[in-house]
Amino acid sequence: MRSLLLLIAMMLSLSGCAFNSIFINYPSQIAPVKAQLNSPTPQNAAQIVESKIDGADGLLYAQEAGRSAQIAGDFESSKKYYQQAANAYLKFDDKAKISLSDAGATASSLFINDNVIPYRGPGYERIMLHQYQALNYLFAGDTQGALVEVRRSNELQSQEQRRYQKSNKSVQAMANGTIDAEMNKLGKAAGTTTSSFLNAYSYYTTGMLHEILGEPNDAFIDYRKAAQITPNNPYLQKDLVRLAKQLSMPQYDEFKRRWGDAVMPSKGEGQIIIMLERGFVPEKQSFTVPFTIEGNWQTASLATYYPNKQPVRQGQIQGLGTVLKTAPIADIDALAITALKEELPAALVRQAARIYAKSEMAQSVESDTKRRNNDIDYASIAMQIFNVVTEQADRRSWLTLPEQAQIARSYVKPGSYSLMLDNNPADPIEVKSGRTTLVWIIDTGNYTRFYSIII
């Protein structure tokens with residue numbers, strides 16, 4: 001019994017600061033943060049997770065803190081938190097440096113659960129990190145810094161695509177009924193989204209910056225990529241027609257036939273671009289299957305998403321003379337679901353190894369107890385309880401991201417405008433002749449916050 005307790009203590013110590021997620025699911029830890037963001041005092045949200053950034057899951061907490069500060073309008077603090085997350089990603093990229101703690105955490109995961117493995121984040125989170133960092137730079141008045149970040153975001157989308165194509169071969173080789181069934185369920189929940197690493201919202205943000213900063217050719221390329229992912233967005237279609245005409249592109253006639261002629265600004269007009277984000281991404285759920293091996297109880301737990309998606313409300317912006325309706329550019333929840341689908345085969349491999357390791361440990365304890373001729377098998381019972389209690393699905397993910405992003409664009413006369421979304425008014429915004437006013441609207445449910453800048 002003493003040996004068993006010592007083994008458990010050693011494994012927990014190797015898991016380091018990821019201890020919280022071993023026994024307390026991650027969505028429960030972030031619930032207070034989301035509640036604070038959906039309150040009159042969002043500035044307090046980042047403080048809830050700030051102290052955890054130095055731990056094993058520091059990358060994830062830094063992302064949550066950065067997004068929390070951003071929603072509250074504290075772009076400088078958000079920039080600092082996002083940089084910490086970016087540095088953590090770079091450290092993980094350096095494969096030549098494998099720390100003893102990381103190796104210990106991976107070994108411990110075979111006896112505890114995947115939550116002891118330091119969080120590294122799926123590709124779509126890293127892409128959005130740089131997109132949001134670009135918006136921090138933009139709203140701080142640093143357009144060149146913003147361009148650096150969005151270019152990094154685009155580069156990562158290409159890297160993730162290549163990485164997935166390589167890993168997909170091993171996924172196909174592992175195909176079986178269990179994997180196929182769960183993948184089909186996640187595929188239905190994700191809808192038409194086929195890859196987590198291609199994000200039309202990120203491409204649109206990049207194209208918008210290129211166009212505003214006088215690089216229409218680069219803007220056309222990024223709008224085209226965004227339209228390939230989200231082909232039915234009417235504003236993307238109008239952007240492509242307009243730029244094709246402006247740049248005398250050979251695609252102009254085709255685009256004009258499909259989507260109508262280009263809408264160009266009248267003399268003296270400025271333009272307003274709306275980026276609307278609604279809600280929060282869904283939380284990972286878990287499903288657990290109990291069973292016995294050689295008379296010892298075991299459980300297997302994996303993360304999943306339930307296909308209960310409700311339609312996201314279309315934004316209707318008032319205050320511009322006519323109602324400006326937004327259109328979806330990206331379903332972030334679908335990216336999260338697809339990322340889990342892509343990760344599922346590897347998670348199942350770890351699960352199988354963990355079941356084997358725990359079974360071997362349980363049988364070893366039972367055999368040792370029998371040799372000692374104990375009437376009450378306390379160690380064996382404790383081992384079974386430990387196996388069941390510690391088998392927790394890894395439900396970690398960036399939970400302060402929006403559920404969906406929508407966009408709209410319109411040309412208007414110069415002047416001051418008082419916008420309103422769903423009866424939520426904003427401070428007056430200014431539109432200047434020949435300039436672009438970007439309005440970023442973040443709707444967390446009970447509260448809607450407006451941020452604007454003239455570029």
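The values are calculated or read from the model by the stated rules, or taken from the named source; none is laboratory data. Not measured: the values here are computed from a predicted model. Cβ: placed from backbone, ideal geometry, glycine included. Neighbour counts: every protein chain shown. Just so you know, the surface numbers come from the protein's heavy atoms only, side chains and all, with ligands and any DNA or RNA stripped out. Shrake-Rupley method; radii C 1.70, N 1.55, O 1.52, S 1.80 Å.
Label points 7 Å out from Cα along the Cβ direction at ILE24 and GLN228: separation in nm?
Here the modelled spin labels are 4.5 nm apart.
Multiply the residue gap between THR143 and GLN43 by 0.36 nm, knock off their C-alpha separation, and tell me the result in nm, one decimal place.
Numbers: separation 100, 0.36 × 100 = 36.00 nm, distance 2.51 nm.
Extra length available between THR143 and GLN43 comes to 33.5 nm.
For region 30-99, which whole-number percentage of the solvent-accessible area (1.4 Å probe, protein heavy atoms only) is attributable to carbon and sulfur atoms? Could the numbers behind the result be given before it?
Working: 1610 of 3070 Å².
Using a 1.4 Å probe with all protein chains present, region 30-99 comes out at 53 percent carbon and sulfur.
In the structure displayed, which of LYS79/LYS284; LYS256/LYS432; LYS267/LYS413; LYS245/LYS325; LYS52/LYS341; LYS238/LYS325 lie more than 18 Å apart, Cα to Cα? Intermediate values should be presented prior to the final figure.
On the way: LYS79/LYS284 27 Å; LYS256/LYS432 29 Å; LYS267/LYS413 9 Å; LYS245/LYS325 25 Å; LYS52/LYS341 28 Å; LYS238/LYS325 14 Å.
In this structure, LYS79/LYS284; LYS256/LYS432; LYS245/LYS325; LYS52/LYS341 exceed 18 Å between Cα atoms.
Using the Karplus curve 6.51 cos²θ - 1.76 cosθ + 1.60 with θ = phi - 60°, what ³J(HN,Hα) values do you get for each residue of region 72-79, in whole Hz, with x for Gly and Pro?
6, x, 8, 5, 5, 5, 4, 4
In whole Hz and in residue order, list the ³J(HN,Hα) couplings for region 236-243 that follow from phi through the Karplus curve 6.51 cos²θ - 1.76 cosθ + 1.60, θ = phi - 60°; x for Gly and Pro.
4, 4, 5, 4, 5, 4, 5, 6
If you average the sequence gap of Cα pairs under 8 Å that are 6 or more apart and divide by the length of region 233-276, what percent do you get for the contact order? All intermediate terms of the calculation are to be shown ahead of the outcome.
Details: 25 pairs, mean separation 15.5, N = 44.
Computed over region 233-276, the figure is 35 percent.
Once phi is turned into θ = phi - 60°, what whole-Hz ³J(HN,Hα) does the Karplus curve with 6.51, -1.76 and 1.60 give for every residue of region 118-124, x standing for Gly and Pro?
With coefficients 6.51, -1.76 and 1.60, one gets x, 6, 10, x, x, x, 5 Hz.
By per-residue mean of other Cβ atoms within 10 Å, what is the highest-first order of 395-402, 244-251, 58-65?
Working: 395-402: 22.9, 244-251: 14.1, 58-65: 27.5.
Packing order, densest peptide first, comes out as 58-65, 395-402, 244-251.
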